[in-house]
């Protein structure tokens, strides 16, 4: 049974004026192309095929909105940083994501997806700068943890936590092995709670 049985696709946006009305609450998923963002989104919601996955990095080229219920949404942002994408498209993605993060009042938090074998790229750091500047809460998923030994994965987790400090929470995750699934779902639910509630718990 799906954890979020009523999750459904709402719309895709290629321009900021196509974004859904800025109301309710939404949590965005962002990450470098081929980091496993769509697989993470599908696994966390328990809805196989909700977000499109592809062996070709950079497939997510639009801002995709999904409804969890009447008040809460997930937003799948374009994958960034893939070299084979034409420069014009990369510039468009950058503009699209900047326009999304600036002044989006319904944005309750960001799940930043990084391949645990290649964390904290320049693109990841830029994303953290955007969100920090806008006061957005961030939870980092270090995906594909099953690709590393337990010791190596733990070392990467410690390194990333040390570098990001208080700007984000961090965990290991594997869509294949379901590693860290409950922790990721708890982080998602916490985003939908008022900041005061999470700080008191």
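Filter the range 3-30 down to the residues that are touching a helix residue (DSSP H, G or I) at 6+ places or on another chain (Cβ under 6 Å) and assigned to a loop (DSSP other than H, G, I, E, B), then identify the one that is farthest from residue 73 (Cα to Cα). For the range 3-30, the residue satisfying everything is 4. Looking across the range 34-51, not a single residue is at pLDDT below 90, under 11 Å from residue 143 (Cβ atoms) and touching a strand residue (DSSP E or B) at 6+ places or on another chain (Cβ under 6 Å).
All of (1) under 23 Å from residue 42 (Cβ atoms); (2) at pLDDT 95 or above; (3) surrounded by fewer than 21 Cβ atoms within 10 Å (Cβ to Cβ) hold for residue 154 with one exception: (1). Looking at this structure, is residue 166 modelled with pLDDT under 95, loosely packed, with under 15 Cβ neighbours inside 10 Å and more than 22 Å from residue 122 (Cβ to Cβ)? When the stated conditions are applied, residue 166 does not pass them. The set of residues in the range 123-153 that are without any contact (Cβ under 8 Å) to a residue 12 or more places away in the chain and assigned to a helix (DSSP H, G or I) comprises 125, 126, 129, 133, 150, 151, 152. I'm trying to understand the selection: among the residues of the range 105-117, which are over 15 Å from residue 76 (Cα atoms), outside any strand (DSSP E or B) and touching a residue at least 60 places away in the same chain (Cβ under 8 Å)? Selection gives 105 alone.
The values are calculated or read from the model by the stated rules, or taken from the named source; none is laboratory data. As the structure is a computational prediction, the values presented were derived from the model and not from experiment. Counting neighbours? That spans all protein chains shown, and the Cβs are built from the backbone with ideal geometry, glycine included.
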